[in-house]
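Notes to accompany the following structure.
The values are calculated or read from the model by the stated rules, or taken from the named source; none is laboratory data. All of these numbers come straight from a predicted model, not from anything done at the bench. Methodologically, a virtual Cβ is constructed for each residue, glycine included, from the backbone with ideal geometry; neighbour enumeration extends over all protein chains shown.
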């Protein structure tokens, strides 16, 4: 999806640099901005860029219409490398959480035998 949005915007931005379209687009954008200033709300009415971006995105999204369920699943599926990366990161974050000492600042709790045993167990597990 990001590629579709970026590609659409990049194509329209390239259009704004094209001398054939540049003056028309800049004038329409200026008029649209003035209208927003006058009314106190920017609605982009009359803007030349927004409809171009929307049209370009519609063209790019057209190829995804009519995909079968299997094609959708294949397109959105994670690769084995992505699955491994997610699994490794999940395991790392879980272990960091479980091995972190609790945020206890009360001295009598920290001096209790059960707290000391727990902290020793956490320390040993981290080794």
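Within the stretch 77-96, is there a residue that is closer than 30 Å to residue 118 by Cβ, surrounded by fewer than 10 Cβ atoms within 10 Å (Cβ to Cβ) and in the same structural domain as residue 118 (by TED's automatic domain parsing)? Within the stretch 77-96 (the criterion being closer than 30 Å to residue 118 by Cβ, surrounded by fewer than 10 Cβ atoms within 10 Å (Cβ to Cβ) and in the same structural domain as residue 118 (by TED's automatic domain parsing)), the answer is no, since none of the residues qualifies. The single condition among (1) buried (at least 16 other Cβ atoms within 10 Å of the Cβ); (2) at positive phi that residue 40 does not meet is (1).
Of the candidates 68, 87, the single residue that is over 21 Å from the mean Cα position of the chain (by Cα) and modelled with pLDDT of 85 or more is 68. Each residue in the stretch 106-127 was checked for being at pLDDT 85 or above, loosely packed, with under 11 Cβ neighbours inside 10 Å and part of a loop (DSSP other than H, G, I, E, B), and 2 pass.
For the stretch 26-49, the set of residues classified as assigned to a loop (DSSP other than H, G, I, E, B) and at pLDDT below 90 consists of 42, 43, 44, 45, 46, 47, 48, listed by residue number. Here residue 48 does not fit the description of being out of contact with any helix residue (DSSP H, G or I) (no Cβ under 7 Å at 6 or more places or on another chain), under 26 Å from residue 10 (Cβ atoms) and surrounded by 10 or more Cβ atoms within 10 Å (Cβ to Cβ). Residue 8 falls short of the stated requirement of being surrounded by 15 or more Cβ atoms within 10 Å (Cβ to Cβ), modelled with pLDDT of 85 or more and within 27 Å of residue 60 (Cβ to Cβ).
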